[in-house]
Amino acid sequence: MKAFLSTSALKSSITLGVMVIASTLSGIASAAEAAKESKLEFPLSLRLPILGQFGQRYVLLDRQGHLLHEPDVSNISNFRPLGEKVMPVPAKSVKELWGYMDLQGKWVIEPQYLEARSFSEDGMARVKTKTGWGFLGADLKLVIPAKFEEVQGMRAGRAAFKKGGKWGFLDTQGQVVIPPRFTEVSYFDDGGLAAVSVGEKHGFIDKQGKEVVAIRFDRAGPFGANGLARVALKEKWGYVNRQGALAVPIRYDLALDFESNEVAPVEEKDKWGLLNSKGEWVLKPTYSHIDEVQAGGLAAVRDSSFNTGFIDMRGKLVVPIQRGIGRHVSGGLIRQGGEGDSSVSYLDLNGKLAIKGPFDWGSHFNSQGFAVARQKGKWGILSRQGGFTPMPRHIEPYSNGGDGYVGFDEEGYSPWITTDRAIEWLDGSGKTRFRLEQGPGSKPKLNSLRLSNDKGVVLWENKAVDGQLASHPYFDPSPLDLLSDPADMTQIVAKAQALLKAAPRPFVALQGWDRDRDPYEMPEDSDEIEDNLRHGAISNLVIDYVSEESWGGYYFLDEQRSGQVKTLYKSLKAQLDKAFGPAVAKPEAEDSLANGDGGMLDVWRIGNQKLVLQSTYAYGDGDITHHLVLATVSPKPPEKARKKR
């Protein structure tokens with residue numbers, strides 16, 4: 001099912017040149033937030049980062065750190081109150097089936113569904129079986145048969161269902177109240193209207209299926225608290241009211257939702273301003289872009305040079321436009337730097353420097369006032385007041401290889417990789433609350449995993465795990481971490497001797513952006529073969545890649561990787577010099593095995609062979625690749641021998 005054009009999708013479609021590292025955990029409020037609202041104590045779920053056959057698991061703990069449910073689930077939703085009641089939440093077993101778990105961590109519905117969703121405010125949850133989608137009631141029994149091709153959640157007494165490629169609506173008894181005839185649908189809002197489309201045209205219907213806002217628009221967004229929804233026609237935007245009448249003429253180039261605000265960002269003639277519900281300019285078109293309004297009533301604005309500032313809902317510029325500040329307010333602070341910059345500080349909501357830094361990188365603050373930061377190559381915890389506490393026992397925050405959220409979640413925890421390669425969850429004070437460590441398993445090729453609390457009490461242990469802890473550093477790997485085979489750090493001479501004894505074979509070293517090709521397999525580009533074909537033996541010592549997204553978000557990675565590769569190279573060269581004598585003073589151009597934007601090259605002549613140690617780096621469209629190879633190059637075989645080979 002296609003989604004209607006959301007504010008976030010709209011923003012993504014019109015924002016240029018912005019690289020975003022995931023900086024939000026979820027669009028759903030955390031269990032901690034829900035617990036505060038309801039004054040209930042909800043369980044804490046920790047995601048255990050485990051690689052291999054065992055795979056990622058979740059463990060369920062109570063707020064005192066006691067085990068409620070061992071890690072035999074690969075996914076679990078947050079607990080949320082529904083009025084005075086807390087319904088069980090869907091959880092996915094390691095056997096890939098979904099069931100429902102209660103606050104005590106017990107299965108109240110054993111895993112049996114292909115898919116399952118959380119209970120809605122209507123007290124119903126959608127589930128999928130082999131026969132299709134249906135709904136569970138508050139009594140945890142199937143009240144609407146699982147026979148539908150696809151369904152949305154039940155809301156305001158209605159749930160969308162799909163049949164024959166078209167969407168209609170059911171009531172809570174499973175009766176069809178609106179026959180399937182729509183191409184796209186949304187949920188019914190609190191006012192009883194849902195956005196729908198027929199073909200390429202969009203409008204709104206009521207809960208009986210009556211067309212309230214004519215299905216004639218090219219796009220349609222949700223209604224805001226002021227009763228207006230944005231609509232588009234012939235590439236122009238305006239707003240309609242709940243009676244279907246135009247409240248603001250369709251004349252603007254682009255428009256965002258009002259949501260809960262009194263104004264909405266609107267574009268006219270390539271400039272953005274703020275419009276009220278009467279169609280009056282609160283702020284005339286001034287900026288190159290205005291983001292959606294954030295909590296606290298501020299919106300980020302940009303000029304034509306992509307510099308950023310913040311305005312309030314009266315259009316007043318409260319944070320002056322300047323280079324390099326972020327577009328997100330967290331903990332009452334705005335991050336300055338971080339995208340394409342290794343000098344991060346924080347501003348207050350008046351644009352004044354609140355936390356000087358500078359930091360190599362810094363996360364957003366959680367609601368409890370803590371962030372994760374890196375300063376002069378050292379990682380630590382940053383408080384809202386500006387205090388930075390280094391974490392010497394920890395290498396870096398866990399990041400799922402640079403792809404995951406880095407910082408404190410709303411539960412108040414942040415996972416870190418320790419110097420002894422365990423994973424520890426720290427609170428804002430830097431105290432370890434939970435620790436997951438790996439050890440030898442009870443059988444060969446298996447590992448043991450142990451989860452303990454801050455008192456050292458073992459909460460869970462498995463001594464026969466077919467997998468390993470994902471504790472390899474991504475932000476700050478050591479030279480040893482970069483090696484494909486860690487044994488090469490001390491056994492590089494033995495590897496060189498093995499290469500010298502190996503039967504010569506044709507090879508082409510990895511070039512530029514190569515990462516996956518076996519050097520003994522010829523590349524498809526014939527020119528690359530002609531220019532770089534060698535005969536001998538080769539070993540890839542380091543193949544390291546930093547994506548555009550990672551480098552854009554963590555700009556220090558270039559300097560970090562380059563420094564560690566150089567340190568590694570010098571260590572390996574020193575061992576080879578000791579074993580084979582000093583390298584030749586000036587390697588010849590033909591000694592280079594690979595192309596790149598730079599690197600280091602050393603050659604040793606051993607009989608009629610050459611021993612080559614070479615590092616290269618290459619910059620692409622925002623990404624970086626580092627290679628380090630050790631190879632032997634033998635004289636080219638005679639032409640007849642080459643043909644025979």
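The values are calculated or read from the model by the stated rules, or taken from the named source; none is laboratory data. Small disclaimer: the values here were computed from a predicted structure and weren't measured. Backbone-built Cβ (ideal geometry, glycine too); neighbour counts: all protein chains shown. The protein model used for the area step is the full one, side chains on, heavy atoms only, and it has no ligands, DNA or RNA in it. Shrake-Rupley method; radii C 1.70, N 1.55, O 1.52, S 1.80 Å.
One line per residue, one yes/no per condition, for (1) among the aliphatic types (A, V, I, L, M); (2) under 24 Å from residue 58 (Cα atoms):
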site: 352; (1), (2): no, no
site: 355; (1), (2): yes, no
site: 365; (1), (2): no, no
site: 418; (1), (2): no, yes
site: 422; (1), (2): yes, yes
site: 437; (1), (2): no, yes
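Assuming residue 528 fulfils every condition listed in (1) of a type in the set (Asp, Glu); (2) open to solvent by less than 50 Å² (accessible area, probe 1.4 Å); (3) within 30 Å of residue 342 (Cα to Cα) apart from one, which condition is it?
Result: residue 528 passes all but (3).
Specify the residue that is farthest from residue 209 (Cα to Cα); the eligible residues are those in segment 159-183 that are assigned to a strand (DSSP E or B) and out of contact with any Gly (no Cβ under 9 Å at 6 or more places or on another chain).
163
Any residue in segment 491-514 that is among the acidic types (Asp, Glu), under 28 Å from residue 52 (Cβ atoms) and modelled with pLDDT of 95 or more? Walk me through how you get there before you give the answer.
From segment 491-514, those among the acidic types (Asp, Glu) are 514; that's our starting set.
Then keep just the ones that are under 28 Å from residue 52 (Cβ atoms); that gives 514.
Those left that are additionally modelled with pLDDT of 95 or more: none.
No, there is no match, as no residue in segment 491-514 is among the acidic types (Asp, Glu), under 28 Å from residue 52 (Cβ atoms) and modelled with pLDDT of 95 or more.
Which is farther than 22 Å from residue 53 by Cα and surrounded by 14 or more Cβ atoms within 10 Å (Cβ to Cβ), of 382, 436?
Residue meeting the stated conditions: 382.
Considering only segment 379-395, I want to know if a residue exists there that is among the hydrophobic types (A, V, I, L, M, F, W, C), outside any loop (DSSP other than H, G, I, E, B) and closer than 18 Å to residue 328 by Cβ.
Checked against the condition, which is being among the hydrophobic types (A, V, I, L, M, F, W, C), outside any loop (DSSP other than H, G, I, E, B) and closer than 18 Å to residue 328 by Cβ, segment 379-395 yields at least one hit.
Since residue 403 meets every condition but one in (1) charged (D, E, K, R); (2) surrounded by fewer than 18 Cβ atoms within 10 Å (Cβ to Cβ); (3) without any contact (Cβ under 8 Å) to a residue 60 or more places away in the chain, which condition does it not meet?
Here residue 403 clears every test but (3).
Report the residue count in segment 109-140 for those that are in a loop (DSSP other than H, G, I, E, B) and within 29 Å of the chain's Cα centre (by Cα).
So the count comes out to 6.
Take the residues in segment 558-586 that are at pLDDT 95 or above and among the aliphatic types (A, V, I, L, M), then tell me which one is nearest to residue 374 (Cα to Cα).
565
Take segment 609-633 and flag every residue that is within 21 Å of residue 558 (Cα to Cα), open to solvent by less than 30 Å² (accessible area, probe 1.4 Å) and in a strand (DSSP E or B).
Once the filter is applied, which keeps residues that are within 21 Å of residue 558 (Cα to Cα), open to solvent by less than 30 Å² (accessible area, probe 1.4 Å) and in a strand (DSSP E or B), segment 609-633 yields 614, 615, 616, 618, 624, 625, 626, 627, 628, 629.
If you take the residues in segment 101-129 that are of a type in the set (Ser, Thr, Tyr) and touching a Phe, Trp or Tyr at 6+ places or on another chain (Cβ under 7 Å), which one is surrounded by the most Cβ atoms within 10 Å (Cβ to Cβ)? Please lay out each step first, then the result.
We begin by selecting, within segment 101-129, every residue of a type in the set (Ser, Thr, Tyr); these are 113, 118, 120, 129.
If we keep only those that are touching a Phe, Trp or Tyr at 6+ places or on another chain (Cβ under 7 Å) too, we end up with 113, 129.
Values: 113: 24, 129: 15.
Among them, the one singled out is 113.
With the checklist (1) open to solvent by 10 Å² or more (accessible area, probe 1.4 Å); (2) farther than 16 Å from residue 247 by Cα; (3) within 37 Å of the chain's Cα centre (by Cα) in hand, flag the one item residue 197 doesn't pass.
Among (1) open to solvent by 10 Å² or more (accessible area, probe 1.4 Å); (2) farther than 16 Å from residue 247 by Cα; (3) within 37 Å of the chain's Cα centre (by Cα), residue 197 violates only (1).
Please specify each residue of segment 243-284 satisfying the condition of being within 29 Å of residue 215 (Cβ to Cβ), part of a strand (DSSP E or B) and of a type in the set (A, V, I, L, M).
Within segment 243-284, 246, 247, 248, 250, 254, 255, 263, 264, 266, 275 qualify.
Test of understanding: among 366, 400, which residue is in contact with a Gly (Cβ under 8 Å, 6 or more places away or on another chain), polar (S, T, N, Q) and in a loop (DSSP other than H, G, I, E, B)?
366
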